[in-house]
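Below you'll find the structure, written out as structure tokens, and then a few comments.
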Amino acid sequence: MKGQKFCADCIEFKSKSLTAEKIVPQLRAGMCWVQSLKRTIEIYTGDKRKIHLRKFVFAENDQPDAYLEANRQLRADPSIRYYHFDEVHGQALADLQNTSVQEI
């Protein structure tokens, strides 16, 4: 929880491949899990605050440009932000950028 806002990050780890059929369904499943969690929280506590969800893929692909838009979002699903493993090493999740935040 960040301040008075719930935040969730879904992350898919890949060795090299950035194909949509390997990433998009996994992160969609993560989003469904967050939706279920939100409903459970609402039922048991009455807390109806939105959950702010970000989706990421971390990979070792050294030439990801064929899969990415200029802002490093995946072409197959612009809600997913790509980071190379080396870029995120030692960083806090809260410091990572993703222009797409979904409210659940």
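The values are calculated or read from the model by the stated rules, or taken from the named source; none is laboratory data. What you see is a predicted model; the values in this text were computed from it and never measured. With ideal geometry, Cβ positions are generated from the backbone for all residues, glycine too; neighbour counts draw on all protein chains shown. These accessible areas exclude ligands, DNA and RNA; they are computed on the full protein's heavy atoms, side chains included. Shrake-Rupley method; radii C 1.70, N 1.55, O 1.52, S 1.80 Å.
Screening the range 41-68 for residues that are surrounded by 15 or more Cβ atoms within 10 Å (Cβ to Cβ) and aromatic (Phe, Trp, Tyr) and picking the one that is modelled with the lowest pLDDT gives Tyr67.
In the range 69-88, which residue that is part of a strand (DSSP E or B) and open to solvent by 10 Å² or more (accessible area, probe 1.4 Å) is nearest to Lys16 (Cα to Cα)? Among residues in the range 69-88 that are part of a strand (DSSP E or B) and open to solvent by 10 Å² or more (accessible area, probe 1.4 Å), the one nearest to Lys16 (Cα to Cα) is His84. So Asp95 ticks every box in (1) within 22 Å of Trp33 (Cα to Cα); (2) out of contact with any Lys or Arg (no Cβ under 8 Å at 6 or more places or on another chain); (3) surrounded by fewer than 10 Cβ atoms within 10 Å (Cβ to Cβ) but one. Which box is left unticked? For Asp95, the exception is condition (1). Of all residues in the range 9-19, one or more are touching an Asp or Glu at 6+ places or on another chain (Cβ under 8 Å) and open to solvent by 60 Å² or more (accessible area, probe 1.4 Å). A single member of Asn61, Asn71 is touching a residue at least 12 places away in the same chain (Cβ under 8 Å) and within 23 Å of Ala29 (Cβ to Cβ), and it is Asn61. Of the numbered criteria (1) over 20 Å from Val88 (Cβ atoms); (2) open to solvent by less than 60 Å² (accessible area, probe 1.4 Å); (3) of a type outside the set (Val, Ile, Thr), the one Trp33 fails is (2).
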